[in-house]
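J.: Here you go, one structure.
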Amino acid sequence: MQRLPLAVFVLLSMTAPAMAQNGQYAFDSLFQKITVGERTWYSQVLQPVNGNCLTSYKVNRLASGRNQSYVDNNFMLTDADFQSLNAKDLLLYAMNHPEERVNMNMKISPPDNWPTLTFAYIAPTMQGRRISKRQMDALEAKRDSVVQFLKNCMPYFPVLTKSYKELVISLHATECIPELLYKANRPYYYDTYVVTVIMNLMVDARYKPFIQSDVYKKLYGKELNYSSFIESDKKTIDFILQTAAAFYKSKYNH
């Protein structure tokens, strides 16, 4: 997949992506053409990250108190404090302070040319921390509110964290497909794992136009393998994104 030259990124107000009648997206308004002498490049128009999408003031207040235990420089809220969190606070607590410690004696490393590849799965966390069962159960119990928050905040982040992507998959957040398609179509800040998230949503929903495709057979038509990948050629990516747009339209009648 070809990429445009590296650009200077500016923080300006962003026009939300809009779906055209044919199911495709219009992104031209999201780029500013800049010409200096003989040099021309395109600078992406981004919004500053919304502080509301980054910080839970309640979690911060609880963390600064004495009602938590510290493990490995992280903290775990007491059951009473945990139960008092709303959907937004639960989500930000889970992403910023995952409770479960992971220390598996193995490592999954992608190939050196991973940005030019499309992967079947996001590799699980083998070292460090991940969202605990307690946190995941609470997020699933407030699933609709959590997904709405994920969807609303997604445009503010130039790059999604691994935990952000994993939550979209775990919560089967097909509502986020328009925002994911926008990110997957950007020539800058391209993240191949956003395409992975989009495919996983279609796989989990058993969307026939995708699971009957050659792309599915190459990536998922065998045993679970976190290292499965294919080349990210334009034809393949176009098929995945167009199929996802059709999936979203069929599911939500948009």
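J.: Between Ser170 and Lys58, with labels modelled 7 Å along Cα→Cβ, what's the label distance in nm to one decimal, could you check?
T.: For the pair Ser170/Lys58, the computed spacing is 1.9 nm.
J.: What full-extension length gain, to one decimal in nm, is calculated for Met126 and Lys249 as 0.36 nm per residue of separation minus the Cα-Cα distance?
T.: That pair, Met126 and Lys249, stretches by 40.7 nm at full extension.
J.: In addition: Given the protein chains as shown and a 1.4 Å probe, how many square angstrom of Glu231 are accessible, to the nearest 10?
T.: 110 Å²
J.: So, one more: Could you give the length gained on full extension between Tyr226 and Phe239, defined as 0.36 nm per residue of separation minus the Cα-Cα distance, in nm? Walk me through the intermediate numbers first.
T.: Values: separation 13, 0.36 × 13 = 4.68 nm, distance 2.17 nm.
Result for the pair: 2.5 nm of gain on full extension.
J.: With θ taken as phi - 60° and the coefficients 6.51, -1.76 and 1.60, list the Karplus ³J(HN,Hα) couplings across region 164-170 in order, rounded to whole Hz; mark glycine and proline as x.
T.: 4, 5, 5, 5, 4, 5, 4
J.: Suppose the chain between Thr78 and Arg134 were pulled fully straight at 0.36 nm per residue; how much longer would it get relative to their current alpha carbon spacing? Write down the numbers at each step before the final one.
T.: Numbers: separation 56, 0.36 × 56 = 20.16 nm, distance 1.16 nm.
Full extension of this stretch gives 19.0 nm more.
J.: Roll a 1.4 Å probe over the protein chains and send me the accessible area per residue for region 121-193 in Å².
T.: 38 Å²
J.: With the crude spin-label approximation of a point 7 Å out along Cα→Cβ, what separation in nm comes out for Asp214 versus Asn105?
T.: 4.4 nm
J.: Reachable aspartates and glutamates from Lys249, Cα under 18 Å, same-chain residues fewer than 8 places away excluded?
T.: Cα-Cα hits under 18 Å: Glu175, Glu179, Asp204, Asp238.
The values are calculated or read from the model by the stated rules, or taken from the named source; none is laboratory data. What you see is a predicted model; the values in this text were computed from it and never measured. As a convention, Cβ positions derive from the backbone with ideal geometry for all residues, glycine included, and neighbour counts pool all protein chains shown. The accessibility values were calculated without ligands, DNA or RNA, using every heavy atom of the protein model including side chains. Shrake-Rupley method; radii C 1.70, N 1.55, O 1.52, S 1.80 Å.
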